[in-house]
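Read through the structure below, which is laid out as structure tokens, and then see the notes.
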Amino acid sequence: RVRLVFDSTGWSLVSHGVGEKLFTVGPEGKLVPELAQSISKEAGGAWIVTLTAGRHFSDGTLMRAAEVAAALRRTNQLLPAAQSDVGTMTIEALDDARLSITTSIETPIMKSVLAQWWAVVYKNTTSGGRVFTGPYVVGSLGEEFVYLLPNKHYPGASERTPIHVSEYESGEEVARALRDGDVQMGFDLPGSSVAQLNWAASPVTVKSFLAHYQYMAFFNTRRDHFADVRVRKALALGIDRPALARAAAPAGMAESVVSTSVATGAFASTTSWGAERDPLPTDTDQAATLLDEAGWLLNNATGIREKGGAPFPTIDLVYYNFRPDLVTFAPHIRDHLGKLGIPVAIRADDTGNYMAADGPTFDILLWAQNTLPANDPHWFLDTFFRTQEPPVAGNWGQKNFAAYSSSKIDAALDTLATAEGAARTTAATAAQDAIIDEYPATFLTSMNYHVGVEVARMGTYQPYGADYYIVRKDMPQSDWPTAFREGRVYTLDGTMDANGPPKGGTDWYESRVAEPDAFLTDLVDVLHPIASNYAPEGLHFLRHVPTGSITSVTPSSCANPSGSRPVRSPTCSELAAANPSLVDELAAVAFAASAVLGSGDDDDDKDTGLIAATAVLGGLFGLALVAAAVTYYWMKKKAASAEEPKKDYPTVEETVA
């Protein structure tokens, strides 16, 4: 799924295999180097990062510390999310391989900071664009697709296949596309589709795992009825989390697996940050008591709670469609709260515009978030629960959606920011407790993530990180022909007439003059490239498909429209002088032919090989002459049989036109 808004562009670049960071989270959930080789902290407080040697940007230039420093400085200056952990970053290149980093907010976890989704490394180009370092580059980009090509400057490029990433409106559509064979891999599948895809007679299997994503519900604390913490707590207690987990689970999933997805807090129970916490409770009796204490009493006649004779305002519960579980949760939560006497209306909003300049545009927002993108709790807790005044507007950006301000939560986050080792675990627990006690939001379940793959081509793909690390350097090996993988594909439209593609004539078929020297030099250039240059300059008939352009010949191209076409090389000696590599290559072909013909006297073998090579080339040229003679005879006969008077042969200008 492609959402290239500014706040999530870094995420999309990594998920699509285009961008990389200095550090990343590996399949085991641990921080590992990516573009960095190592990191250390000096006594003065500066962090020194040593880059991995030999890495290149997609334009072929070597990755150097100066470009890395410029990229991270710019992102830190422009993106609020890049400041939440460290404030302002001062980044300088010490030499081509090393960076020095200092921050206005001290942090003990710089490796984790540099693994955050925003910390993508890039280089600004002279044309105003940017190039990245990932295993893929963007070939083309549309409203609902992105076409990815292997980055030829990334190790193992020839073993990768181009990838077409399509956007679908819902998980159900993705499941249908998998079932119909339209895609070979599908993400964000709804749990209801898993059994159908696994059990149907189709070449698809679904791989499921508990992701670091948490589902949560934010309360708009600027609404009068949500200003009272007792009301927020009551609604949190009224939501049946085990029922939500079962509703989202695929048919047949073991209850033990379903139960592990019930939220214990801000982080999945399978992580070190959530493992020691108990599941959040559901208690409708306590919820009813809290609502009574807040003055919202149940009218038994209407089934709606009232305060001072006024009914509880109908809650505007908002969700978005591309997370299938949120679509499932919304009606269940409506029913859970309805049993408490709280009216709820649910609606989908896929714009991502949930925060206006004066505050949230909802009562309750259902949201899904990877709360451990870099394996540390501070970024999520600080970004979503620290006081933000004024509210941060903008589509899809991470922010304090509850518009909640708490000195207690802010102080707990301050402590977490600088804590190290065991103290950091304690501080993270304290920050979670402060958030849960004040209920600006409530956590629902962890995400059981489902990825469908076509067994034949993608069966070895092992997903992790939910929808973050999707397109990776270890994608299943390409099954394309070698010529396609290495970019050695050519067409015969190197030179065309003025009509051009797709209906114009090509010089290969319609040139008036046979030019064996041009043809041979084309063959030599593509069959025996110098230094693996598969896109040589100066091709005549052939065109390199990935990068070559078509030369269009027009009447104005002719210096003398009445004259004959110039001969490229009237003699063999001039041909050799104009194309010295051709002679060398023909000699190499002749020598190779001698090895095929057998052993014996070297001179005889070379002569025989040369004769063989010459015979092959002569035969090809002879066929061309025969074809030309037949064509000439046929055209002359046709012209003679025409009723109109015989015309002179057209001029060069007329032929080209």
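For the range 251-408, give the percent of accessible area contributed by carbon and sulfur heavy atoms, probe 1.4 Å, rounded to a whole number. Kindly include the intermediate steps, with their values, before the conclusion.
Details: 3210 of 6250 Å².
Answer for the range 251-408: carbon and sulfur cover 51 percent of the accessible area.
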Given the convex hull over the Cα atoms of the range 357-425, what projected area results after averaging over all orientations, in nm²?
5.4 nm²
For Ser104, what accessible area in Å² do you get when you roll a 1.4 Å probe over the heavy atoms of the protein chains, rounding to the nearest 10?
80 Å²
Please compute the contact order of the range 1-77 in relative form: average sequence separation of alpha-carbon pairs under 8 Å and at least six residues apart, divided by the residue count, as a percent.
14 percent
Rolling a 1.4 angstrom probe over the protein heavy atoms, how many square angstrom per residue are accessible across the range 61-109?
44 Å²
Quick one: work out the % antiparallel among DSSP beta bridges in the range 260-383, nearest 5.
50 percent
Sequence-distant residues sharing a close amide H with Thr103 (under 5 Å, placed H):
Thr90
Accessible area per residue in Å² at 1.4 Å probe, computed on the range 208-352
41 Å²
Using a simple spin-label model with points 7 Å from Cα along the Cα→Cβ vector, what separation in nm is obtained for Val455 and Ala275?
3.4 nm
What's the FRET efficiency of Glu255 with Asp349 using the Cβ-Cβ distance as r and R₀ = 30 Å, to the nearest 0.05?
0.35
Using a cut-off of 13 Å between alpha-carbon atoms, which aspartates and glutamates can reach Lys503, once sequence neighbours fewer than 8 places away in the same chain are excluded?
Asp493
Computed accessible area, Thr302, all protein chains, 1.4 angstrom probe, square angstrom
80 Å²
Amide H contacts under 5 Å for Gly505, placed H, 5+ residues apart
Asp497, Asn499, Gly500
Based on Cα coordinates alone, diagonalise the gyration tensor for the range 321-442, multiply each eigenvalue by 5, take square roots, and list the semi-axes in whole Å, largest first.
28, 17, 15
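Roughly to the nearest percent, how much of the accessible area of the range 152-196 is carbon and sulfur, given a 1.4 Å probe?
Here carbon and sulfur together make up 46 percent of the probe-accessible area.
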Nearby aspartates and glutamates by direct alpha-carbon distance to Lys473 (threshold 14 angstrom, same-chain neighbours under 8 apart not counted)
Glu20, Glu34, Glu159
Taking one equal scatterer on every alpha-carbon of the range 206-324, how large is log10 of I(q)/I(0) by Debye at q = 0.14, 0.16 1/Å?
-0.74, -0.91
With a 1.4 Å probe and every protein chain kept in, tell me what percent of the accessible surface of the range 438-485 is carbon plus sulfur.
53 percent
Would you mind listing how long the range 355-396 runs along its three principal axes, going by Cα atoms, in whole Å with the largest first?
33, 21, 16
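What number, in percent, do you get for the relative contact order of the range 181-258 if the mean sequence gap of Cα pairs under 8 Å and at least 6 apart is divided by its residue count?
Working: 31 pairs, mean separation 32.1, N = 78.
Over the range 181-258, the number comes to 41 percent.
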Taking one equal scatterer on every alpha-carbon of the range 154-274, how large is log10 of I(q)/I(0) by Debye at q = 0.11 1/Å?
-0.58
Reachable aspartates and glutamates from Lys30, Cα under 14 Å, same-chain residues fewer than 8 places away excluded?
Asp376
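At 1.4 Å probe radius, can you tell me the per residue accessible area of the range 404-476 in Å²?
Roughly 37 Å² per residue, with all protein chains present.
Normalised by the empirical 2.2 N^0.38 Å for globular proteins, what value does the Cα Rg of the range 284-361 take? Write out the running numbers ahead of the final one.
Values: Rg = 14.7 Å, N = 78, 2.2 N^0.38 = 11.5 Å.
Taking the Cα Rg and dividing by 2.2 N^0.38 Å, one obtains 1.28.
In units of 2.2 N^0.38 Å, what is the alpha-carbon radius of gyration of the range 84-224? Could you put the intermediate results ahead of the total?
Numbers: Rg = 21.3 Å, N = 141, 2.2 N^0.38 = 14.4 Å.
In units of the globular-protein estimate, the range 84-224 measures up at 1.48.
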Measure out, as a whole number of angstrom, how far apart the alpha-carbon centroids of the range 413-454 and the range 359-406 sit.
13 Å
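The values are calculated or read from the model by the stated rules, or taken from the named source; none is laboratory data. The model shown is predicted, which means the values in this text are computed figures rather than measured ones. Cβ sites come from the backbone with ideal geometry, for glycine too, and all protein chains shown count toward neighbours. Just so you know, the surface numbers come from the protein's heavy atoms only, side chains and all, with ligands and any DNA or RNA stripped out. Shrake-Rupley method; radii C 1.70, N 1.55, O 1.52, S 1.80 Å.
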